[in-house]
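In what follows, a single structure is set out as structure tokens and then discussed.
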Amino acid sequence: MNAPLPAAAVAAPATLMSGTDYRESLRRLRPNVYVDGRRVESVADEPSLAPGVNALAYTYDFARDPKLAPVALATQSSRATVVNRMLHVNDSAGDLLNKLEAVRLLCQETGCAQRYLAHDALNGLAQVSARIDDAAGTTEHRARFTAYLARVQDEDLSLGIAMTDAKGDRSKKPHQQANPDTYVHVVERNGKGIVISGTKAIVTGAPYMHELLVMLSRNMAYFPQVAERISAQFPGRGEFRVGGGLPGR
């Protein structure tokens, strides 16, 4: 594993939130969340979501514990900045081993680390962005991802990773569905980018994340290399439903 971080990096940087900070940040958001058909006004104060919120809050306090800094924190070498391990893009095999150890320790306390999915997704996007640019001889995608990564790290955000489509009729392909929104798909392209529509299911921690990274299904081959960031603070851009009903219905 990597050597312990230098003493100057062990002290939690000011940008790292505490568990209390995380709960307060949720109270400033207004996502459309329903639990068993009931609208939730504040996910941070909803009893039925408390286990998940508490687990995420623990990950923030975990990262601020000086004794755990060698595994809980990481230096993003491209920025010379100490960040939360769960938001770090690996520079070495040692980084990956430290991430696995951080997940192991978090799971001992919470059952599921949840935020490790953001680490996986960010590392995947870093690779894809670089490969697209290398193939096209451009720098646009790499630059956009680098700017996004810096903001996520500096704000110490929790990211939900929306991968699984509702799918609808499993015997049919995405373009054959009676309801096209059973798969997330691009419905418009304009000067600002793209507009997507559809349903994702089984998104770990969705109601109490700051933002979602929404990825198109691998079957949507005609919309390649697309990932859309959706902020949880904008009501009307999506709904999170917990309990009741089946995916795609």
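The values are calculated or read from the model by the stated rules, or taken from the named source; none is laboratory data. Not measured: the values here are computed from a predicted model. A quick note on method: Cβ atoms are made from the backbone with ideal geometry, for glycine too, and the neighbour counts reach across all protein chains shown.
All but one of (1) farther than 24 Å from Ala147 by Cβ; (2) surrounded by fewer than 21 Cβ atoms within 10 Å (Cβ to Cβ); (3) of a type in the set (A, V, I, L, M) hold for Val71; state the number of the condition that does not hold. Every condition holds for Val71 apart from (2).
Let's see how each residue does on (1) surrounded by 14 or more Cβ atoms within 10 Å (Cβ to Cβ); (2) under 20 Å from Thr146 (Cα atoms):
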| position | (1), (2) |
| --- | --- |
| Val89 | yes, yes |
| Cys107 | yes, no |
| Thr110 | yes, no |
| Gln114 | yes, no |
| Leu117 | yes, yes |
| Asn123 | yes, yes |
| Ala135 | no, yes |
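Evaluation of Ala93 against the conditions (1) surrounded by fewer than 20 Cβ atoms within 10 Å (Cβ to Cβ); (2) in contact with a helix residue (DSSP H, G or I) (Cβ under 7 Å, 6 or more places away or on another chain); (3) hydrophobic (A, V, I, L, M, F, W, C) shows that the sole unmet condition is (2).
Within segment 68-123, can you find the residues that are assigned to a helix (DSSP H, G or I), among the polar types (S, T, N, Q) and in contact (Cβ under 8 Å) with a residue 12 or more places away in the chain? Reasoning before the result, please.
At the first step, the residues of segment 68-123 found to be assigned to a helix (DSSP H, G or I) are 68-72, 85-87, 93-110, 116-123.
Those left that are additionally among the polar types (S, T, N, Q): 98, 108, 110, 123.
Passing the criteria: Asn98, Thr110, Asn123.
Would you check if there is a residue in segment 135-153 being at pLDDT 90 or above, part of a loop (DSSP other than H, G, I, E, B), touching a helix residue (DSSP H, G or I) at 6+ places or on another chain (Cβ under 9 Å) and hydrophobic (A, V, I, L, M, F, W, C)? It would help to see each step written out before you state the result.
Taking segment 135-153 as the starting set, the residues that turn out to be at pLDDT 90 or above are 135-153.
Checking the rest, the ones that are also part of a loop (DSSP other than H, G, I, E, B) come to 137-139.
Applying the additional criterion that residues be touching a helix residue (DSSP H, G or I) at 6+ places or on another chain (Cβ under 9 Å) yields 138-139.
This time we only want the ones that are hydrophobic (A, V, I, L, M, F, W, C), so: none.
No: segment 135-153 contains no residue that is at pLDDT 90 or above, part of a loop (DSSP other than H, G, I, E, B), touching a helix residue (DSSP H, G or I) at 6+ places or on another chain (Cβ under 9 Å) and hydrophobic (A, V, I, L, M, F, W, C).
The single condition among (1) out of contact with any strand residue (DSSP E or B) (no Cβ under 8 Å at 6 or more places or on another chain); (2) modelled with pLDDT of 95 or more; (3) polar (S, T, N, Q); (4) farther than 20 Å from Leu157 by Cβ that Asn98 does not meet is (1). Across segment 155-182, the number of residues qualifying as surrounded by 15 or more Cβ atoms within 10 Å (Cβ to Cβ) and in a helix (DSSP H, G or I) comes to 4. Pairing each residue of segment 28-57 that is on the phi > 0 side of the Ramachandran plot with any residue that is part of a strand (DSSP E or B), provided the two are 6+ apart or on different chains, yields C-beta distances under 9 Å for Asp36/Arg241; Asp36/Val242; Gly37/Arg241.
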